[in-house]
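J.: This is the structure, below, for whatever I ask next.
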């Protein structure tokens, strides 16, 4: 790691690269933004923006369960809870007659309320507010390793399941006729989204994590005409807003997660101008 | 064709010997019975039109055949040598593609997703491009290969979906109200194409439709479905069935001298 820091400081001789925590955050941004960009393409295509939002909010209950169990780092409790919630929502959605929005709304607000109730006992909620806005600058090397592992897992999932996922997003009967097991693909994707959102929530923050997932893909849809462009443009927008957001947050002294999202919003607005030309 | 004795392998342009059997199909949603004891025999080279009132279970039947819905009963595919070859290869064209018009999905991406191991966001291989162009040429849609799906007209979209359903050539082709919402010329073009492809590739086709006069023109067999098969046979037979005329009234069957309308209620 030490060699990496020195190499980076030589290569990027700026004020902000003098701090190891900034270089760690830089690495984290280079891992998290592609991760979110890739998943975001299909979250938007499958109209799952509200679903991923619910998973983000449910992290509060995951943290609360971890605290009740006396865990120092509640990540495992958060993961378990969000995956159970993801499977629960897709099952109810598959069986139920009511609108998915309503079902997700019910699950999500219950999870948020439950989390706040448990965490705010004896007025102690303030110490968890870090989870709300995220703290990218406190990421450690071992946590960067976890993110790397998750990125590799997602890339593997993507190369195997992408075509099936795309067919399901187009029309589920059509997907079935091409031999796709629609339920399995839908649940697998929900679990992957839950996994990625939960692992990154500590760094990005509950309040804005969904924007990071949705904004780059939403902007790319305005410009792209095929799947290849869609992926490339989404990646580009995510990484550019990640880097510029991180650097701006250093000079402005602002929360890095929110600054990154703000940069992505600016790029989304710019993409609207490209829209009329391509369609 | 996936089976050794399938029509294509017989080298017989019009074999008519392959048969898809739907036996005793039933579908329940909870305690509500949607379909019961549906039996159909579909021969290759034949276009079978499924008609019936709204809520009769027509789309449900197709989804059950696809395996998307749980059902009782069996689906059997018998090849030209009359050997049971099990599950047929099924092509499907949906009712109305419920997709977001802003989705950046090109016609070639759709073919890649349905036919290739490489993910659709990767570069499309030469063999896939060739295969897709060949399929698109069957429905006179080669020129659409790089278009975004959202830029196509309703008729063009359905032709592209038909081309996809015919790659590979299926044992059974299911069309679920394929041209609802398409203008009249687009509709006729589509049915003429389906009719032509049926002869050329000896396809077994099940088509759900509300366009009764068009069905009288293009279908070989008609099945009147209302929870179960209420009437079936040639268009003339079914459209003369008092049960069917009681629901739909009279329908012109063009097998008879042109323009003649049979008043079914008067028994011709």
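The values are calculated or read from the model by the stated rules, or taken from the named source; none is laboratory data. None of the values given here were measured: they were computed from a predicted structure. All Cβ positions, even for glycine, are placed from backbone atoms using ideal geometry, and neighbour counts span all protein chains on display.
J.: Taking residue A:80 as the residue in question, decide whether it is surrounded by 24 or more Cβ atoms within 10 Å (Cβ to Cβ), part of a helix (DSSP H, G or I) and touching a residue at least 12 places away in the same chain (Cβ under 8 Å).
T.: no
J.: Got a number for residues in segment A:222-268 being within 14 Å of chain B (Cβ to nearest Cβ), surrounded by fewer than 20 Cβ atoms within 10 Å (Cβ to Cβ) and not in a helix (DSSP H, G or I)?
T.: Residues in segment A:222-268 being within 14 Å of chain B (Cβ to nearest Cβ), surrounded by fewer than 20 Cβ atoms within 10 Å (Cβ to Cβ) and not in a helix (DSSP H, G or I): 1 in total.
J.: For the subset of segment B:116-137 comprising residues that are surrounded by 20 or more Cβ atoms within 10 Å (Cβ to Cβ) and more than 7 Å from every other protein chain (Cβ to nearest Cβ), which member is farthest from the chain's Cα centre (by Cα)?
T.: Per the stated criteria, the residue is B:124.
J.: Another question, then. Return yes or no: is residue A:226 under 30 Å from residue B:173 (Cα atoms) and touching a strand residue (DSSP E or B) at 6+ places or on another chain (Cβ under 6 Å)?
T.: Yes.
J.: With the condition kept exactly as written, say whether any residue in segment A:182-189 is within 11 Å of chain B (Cβ to nearest Cβ) and at negative phi.
T.: Within segment A:182-189, one or more residues are within 11 Å of chain B (Cβ to nearest Cβ) and at negative phi.
J.: For segment A:87-180, which fully contained helices (runs of 4 or more DSSP H) count at least 2 residues that are within 14 Å of chain B (Cβ to nearest Cβ) and modelled with pLDDT of 90 or more?
T.: A:141-170, A:172-177
J.: If we scan segment B:42-58, do we find a residue that is assigned to a helix (DSSP H, G or I) and within 14 Å of another protein chain (Cβ to nearest Cβ)?
T.: Looking for residues that are assigned to a helix (DSSP H, G or I) and within 14 Å of another protein chain (Cβ to nearest Cβ), one finds at least one in segment B:42-58, hence yes.
J.: Ok, one more. From (1) within 14 Å of chain B (Cβ to nearest Cβ); (2) touching a residue at least 60 places away in the same chain (Cβ under 8 Å); (3) surrounded by fewer than 24 Cβ atoms within 10 Å (Cβ to Cβ), pick out the condition that doesn't hold for residue A:271.
T.: Status for residue A:271: all satisfied but (2).
J.: Check residue A:37 against each of (1) within 14 Å of chain B (Cβ to nearest Cβ); (2) surrounded by fewer than 18 Cβ atoms within 10 Å (Cβ to Cβ) and name the one condition it does not meet.
T.: Result: residue A:37 fails condition (2) only.
J.: Quick check on my filter: what residues within segment A:159-194 are under 20 Å from residue B:123 (Cα atoms) and surrounded by fewer than 19 Cβ atoms within 10 Å (Cβ to Cβ)?
T.: Of everything in segment A:159-194, those that are under 20 Å from residue B:123 (Cα atoms) and surrounded by fewer than 19 Cβ atoms within 10 Å (Cβ to Cβ) turn out to be A:159, A:160.
J.: Okay, moving on. Would you call residue A:219 without any contact (Cβ under 8 Å) to a residue 24 or more places away in the chain and either more than 11 Å from chain B (Cβ to nearest Cβ) or more than 26 Å from residue A:23 (Cα to Cα) (or both)?
T.: The answer is no for residue A:219.
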